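The values are calculated or read from the model by the stated rules, or taken from the named source; none is laboratory data. Quantities reported herein were computed from a predicted structural model and do not represent experimental measurements. So basically every Cβ, Gly included, is an ideal-geometry build from the backbone, and we count neighbours across all protein chains shown. These area figures cover heavy atoms from the full protein model, side chains too; ligands, DNA and RNA do not enter into them. Shrake-Rupley method; radii C 1.70, N 1.55, O 1.52, S 1.80 Å.
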Amino acid sequence: MTDEPADDQELALWLHVQAGEFDRAYAVATRLLIMSADPVQRGRVEAVLGLMMQRVGLMADSRDQFARAAVLVEGSPPDLALVLAFGSLSSVLGGDLDRAEREALEADRLGAEHGVEIAVRQARTTLAAVHLGRGQLEAALALATDATAYGNDGVGQAEYRSTAHVLLAMALAELDRMEEAHVAIARGVAIAEEEGDTGQLAWYLASQAMLHFIDGHWAEARDEAARSIEHADRTGALAARPLAWGISACMEGLRGNVTTARTLIELARSHRLGPGAGLGEEWVALAAAASTDDAGERYDALRDAWFRLRGMPSLLAWKVFAHPLVVLAMERGDRALAEVVSARVGAAAATAGTASARATAQCCAATVAGDPLALLARLDLLRTVGRPLPLAFGCVAAASTALRTEDRVAALQEAATVFHRLGATVWSAEVARLLVDAAAAGSPARPAAPSGPWHLLSPGETRAVRLAIQGLSNSRIAAELGTSPRTVQTQLASACRKCGVSGRVQLAGLFAGLS
């Protein structure tokens with residue numbers, strides 16, 4: 001190392017960062033800062049340190065580091081273009097979209113004037129992120145497409161090319177073009193893996209997990225989130241962990257694995273990198289909402305998720321939880337918050353113009369207006385956009401306000417189908433309970449003798465079914481009966497088979513007297 005020319009050491013520094021070898025990178029950077037008398041070279045090294053801070057989630061420190069680097073390289077426009085281009089992404093990630101835009105535009109100008117193509121492409125990648133954060137989706141798509149079109153495979157090119165593909169995927173997802181989004185993000189991950197850009201891989205995988213969670217492919221999402229956390233722990237690229245932990249915990253909570261979900265939430269909360277936490281924290285809050293059956297705790301968690309999006313709006317996130325938040329706000333008498341959320345969602349939908357955004361906004365508005373027929377009608381648009389969880393929550397909300405029993409039952413049965421496909425057992429159990437209530441409310445007086453073919457069931461199956469149709473999860477049934485969740489699962493599966501139904505929701509309908 002001591003005999004290597006400074007330029008070779010600087011190249012090694014860049015390669016270490018790209019590979020996620022931060023300890024080696026820091027050692028090389030420290031040596032260069034001590035030994036180099038060239039302010040421009042020192043500025044480039046300071047910028048690489050800023051890049052590492054960005055990767056570990058220290059966004060404020062990263063922005064300060066890039067600012068120092070910009071002062072040192074001010075006399076070298078090509079180097080300034082690079083510093084501004086890479087620094088602008090830290091501004092985006094820190095939620096300062098205006099600053100990011102100024103830095104990226106200047107980097108684009110300087111890069112074009114001095115032939116620094118990587119600065120131009122990185123700047124346009126940042127501008128795509130800026131437009132995405134503002135909900136200007138077509139502009140984001142155009143810039144991300146432009147950035148991905150550059151085919152140079154030179155040293156360091158994977159650094160922005162992978163990011164450009166991920167941003168392209170996010171723009172496509174916001175535009176409800178999910179199949180194309182998955183292709184784009186898979187390409188970004190492949191570039192990172194093939195070209196050694198593993199320092200960013202944790203973030204790419206977490207983003208990929210988010211897309212799969214949103215469109216209901218939870219097995220893939222679970223695998224990608226786990227891989228993201230593994231890469232983050234191995235490389236030190238910690239910025240991705242809140243998003244990965246949050247998505248994993250959401251799935252575990254919704255599937256009834258509450259202990260696992262709460263462990264993941266605690267990991268996220270105990271490893272925060274500052275008082276403002278970091279990217280993906282809204283998903284940690286959503287996981288907290290998914291992991292409790294207390295309406296007050298759920299409401300607080302959803303409010304937390306909403307407030308965490310103030311700095312940099314995320315359309316993908318609010319489409320998941322804005323309507324459930326409005327529903328709970330109205331139920332708890334917090335009309336002011338419900339109206340604020342609905343208004344902001346409506347404004348964002350007007351900017352985005354997509355079906356998923358409009359569907360969310362319309363469901364929120366119908367809930368605030370207290371119009372059950374409008375809410376039922378708005379579900380038609382929500383059915384077209386490939387976001388199963390918001391659809392299921394929308395059906396539950398519609399059922400709670402529908403005037404006719406048949407509308408309530410139909411909405412709940414649709415929700416049950418979605419929750420069953422996702423494996424969201426907690427909500428499957430809740431919908432089963434609501435179906436029983438809806439049937440009881442809509443049925444004429446009848447003898448107290450229970451309906452349904454109880455004679456087909458064994459005593460153990462009978463006890464398990466009685467508790468299941470009350471809405472209890474398998475773990476709670478097991479606790480009540482002094483047995484194991486696996487035994488309960490076997491008993492309910494046997495009961496379904498004997499009764500000719502496919503799940504606990506149909507079982508509940510059968511024993512509530514529904515066909």
Solvent-free Debye scattering, log10 I(q)/I(0), computed from the Cα coordinates of segment 260-397 at q = 0.12, 0.14, 0.16 Å⁻¹:
-0.46, -0.62, -0.81
What list of ³J(HN,Hα) values in whole Hz, one per residue of segment 347-355 in order, does the Karplus curve 6.51 cos²θ - 1.76 cosθ + 1.60 (θ = phi - 60°) give from phi, with Gly and Pro shown as x?
5, 5, 5, 5, 5, 6, x, 8, 5
Cα centroids of segment 192-249 and segment 113-153: how far apart, whole angstrom?
23
Within the chain, excluding any trypsin sites (Lys or Arg not before Pro) found in a DSSP loop (not H, G, I, E or B) and having at most 13 other Cβ atoms within 10 Å, the longest uninterrupted segment runs 1-309
Any chance you could look up the accessible area of residue 231 with a 1.4 Å probe, heavy atoms only, rounded to 10 Å²?
20
In Å², nearest 10: area of residue 36 left accessible to a 1.4 Å probe
20
Taking +1 at the Cβ of each Lys and Arg and -1 at the Cβ of each Asp and Glu, which of 428, 72, 366 sits farthest along the dipole of the chain towards its positive end, judged by Cα position relative to the Cα centre?
428
What net charge is computed for the residues neighbouring residue 487, neighbours being all others with C-beta under 14 Å from the C-beta of residue 487, Lys and Arg scored +1, Asp and Glu -1?
+1
What does the charge count near residue 391 come to, summing +1 for each Lys or Arg and -1 for each Asp or Glu among other residues with Cβ under 9 Å from its Cβ?
+1
With θ taken as phi - 60° and the coefficients 6.51, -1.76 and 1.60, list the Karplus ³J(HN,Hα) couplings across segment 283-299 in order, rounded to whole Hz; mark glycine and proline as x.
6, 5, 5, 4, 5, 4, 5, 6, 10, 9, 9, 8, 4, x, 5, 5, 5
From the helices alone, meaning DSSP H stretches of at least four residues, give me the mean residue ellipticity at 222 nm for the chain, per-run term -39500 (n - 2.57), in deg cm²/dmol to the nearest 500.
-25000 deg cm²/dmol
Full extension from residue 300 to residue 263: what is 0.36 nm times the residue separation minus their Cα-Cα distance, to one decimal in nm?
11.4 nm
Please list 299, 26 in order of solvent-accessible area, largest first, computed with a 1.4 Å probe with all protein chains present.
26, 299
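Give me the percent relative contact order of segment 1-141, please, defined on Cα pairs under 8 angstrom at least 6 residues apart.
16
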Taking only C-alpha pairs under 8 Å that are 6+ residues apart, what is the relative contact order of the chain in percent?
9
Spread of Cα-to-Cα distances over 20 Å intervals beginning at zero, given as percent, for the chain:
22, 48, 23, 7, 0
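First obtain the Kirkwood hydrodynamic radius of segment 18-80 from its Cα pairs, then insert it into the Stokes-Einstein equation at 4 °C and 1.567 mPa s, and state the resulting D in µm² per second as a whole number.
Working: Rh = 11.8 Å.
The calculation lands on 110 µm²/s.
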Ordered by residue, what ³J(HN,Hα) values in Hz, to whole numbers, does segment 78-86 give under the Karplus form 6.51 cos²θ - 1.76 cosθ + 1.60, where θ = phi - 60° and Gly and Pro are x?
x, 5, 5, 4, 5, 4, 5, 5, 6
Summed residue charge, Cβ within 12 Å of residue 99's Cβ, Lys/Arg positive, Asp/Glu negative
-3
With the radius of gyration and the Kirkwood radius both derived from the Cα set of segment 160-294, what is their ratio Rg to Rh?
0.97
Note: residue 406 to residue 336 extended length (0.36 nm per residue) minus current alpha-carbon separation gives 22.0 nm
Label-point separation in nm, residue 67 to residue 437, each point 7 Å along Cα→Cβ
5.3
